[in-house]
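The values are calculated or read from the model by the stated rules, or taken from the named source; none is laboratory data. Quick caveat, the model's predicted, so the values are computed rather than measured. Here the Cβ is made from the backbone with ideal geometry for all residues, glycine too, and neighbour counts use every protein chain on show. In case anyone asks, the SASA skips ligands and DNA or RNA and just uses the protein heavy atoms, side chains included. Shrake-Rupley method; radii C 1.70, N 1.55, O 1.52, S 1.80 Å.
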Amino acid sequence: MYAFHYQKPNTLKEARDLVHASGGSFLAGGQSLVQAMKLRMSNPAALVDLSGVGELQGIQVQGVTVRVGAMARHAQVADDAQVREAIPALAALAAGIGDPMVRNQGTLGGSMAYSDPSACYPSAALALKAVIHTDARDIAADDFFLGLYQTALEPAEVIRAVTFAKPVSAVYMKFKHPASKLALVGVFVARFKDEVRVGVTGAQACAFRATALEQALQASFAPAAAQAVQLSSADMLSDIHASAPYRAALISTLAARAVAQMI
């Protein structure tokens, strides 16, 4: 790991000023960034720790949405009674991330900002019509994930909170790596009164919506309809754990299993 300066401000303004001055990076939970630094894949001059910024905390149900502060830990999302009642699938997703250490350190905002191709939250953001609130603007999840570790965030722009829409029903299904618990493929199916949305993670360079599955399930919300969709493997990831065609087939299978739980 390269040498770096560590700073822990108490306000968002102070955090922004420190990042601008140092050319460093924001540190949320550190479950992705610190690992990249250990492997010398990332070399920020400074880390500005956001854990002391109170305005990035908190979880609130606001009408038909659930607003989760960027620094909410995975364990907090999983255990929060409001989330468990409003969007049980989101709480279940958080409960299945990594191990207890990861869940108690990792944050929603960090996961979204880093856009790891195997992270779970991005699939939920896409399926649940999420809006990412930053210190400068609001960004629809559909416009947020751009590529491998790439998002619409500008340099020194920080996520304040994420708002998720409450669906009629939703289920997240993950085929996980047995050691890391990362998603080899994760599929989040959300059913609203007027549409069905399917967010996918682990299969391409970043999370995406499976529009072919959405159209099939809009026409017939049944496991067989999802299983019948044959997705192209052209843009799918391929590694020692799963080939591109396997991942493509697994998306439809997991979507079918999710639908089976919802009907």
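Tabulated data for the structure shown
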| item | result |
| --- | --- |
| Heavy-atom accessible area per residue - the chain, 1.4 Å, Å² | 45 Å² |
| Cβ charges +1 (Lys, Arg) and -1 (Asp, Glu), total dipole of the range 9-165, debye | 200 debye |
| Solvent exposure, largest accessible area first (probe 1.4 Å, DNA, RNA and ligands not counted), of 85, 55 | 85, 55 |
| Of the trypsin sites (Lys or Arg not before Pro) in the range 153-249, those whose Cβ has at most 15 other Cβ within 10 Å and which sit in DSSP loop | 193 |
| Where N is the number of residues in the range 1-138, Cα Rg divided by 2.2 N^0.38 Å | 1.06 |
| FRET efficiency for residue 193 and residue 253, using Cβ-Cβ distance with R0 set to 22 Å, rounded to 0.05 | 0.25 |
| The chain, relative contact order [Cα under 8 Å, separation at least 6], % | 15 percent |
| Kirkwood Rh, angstrom, the range 156-246 [1 / mean 1/r, Cα pairs] | 14.7 Å |
| R0 of 51 Å, Cβ-Cβ distance residue 148-residue 168: FRET efficiency to nearest 0.05 | 0.95 |
| Computed [θ] at 222 nm, helices only, for the chain once each DSSP H run of length n ≥ 4 contributes -39500 (n - 2.57) | -9500 deg cm²/dmol |
| The chain - percent of accessible surface contributed by carbon and sulfur, probe 1.4 Å | 52 percent |
| Student exercise, the chain dipole from Lys, Arg, Asp, Glu Cβ charges, in Debye to nearest 20 | 500 debye |
| Out-of-range pairs (alpha-carbon distance over 20 Å; input 129/193; 166/193; 38/176) | 38/176 |
| The range 29-105, dipole about Cα centre (Lys/Arg Cβ +1, Asp/Glu Cβ -1), debye to the nearest 20 | 240 debye |
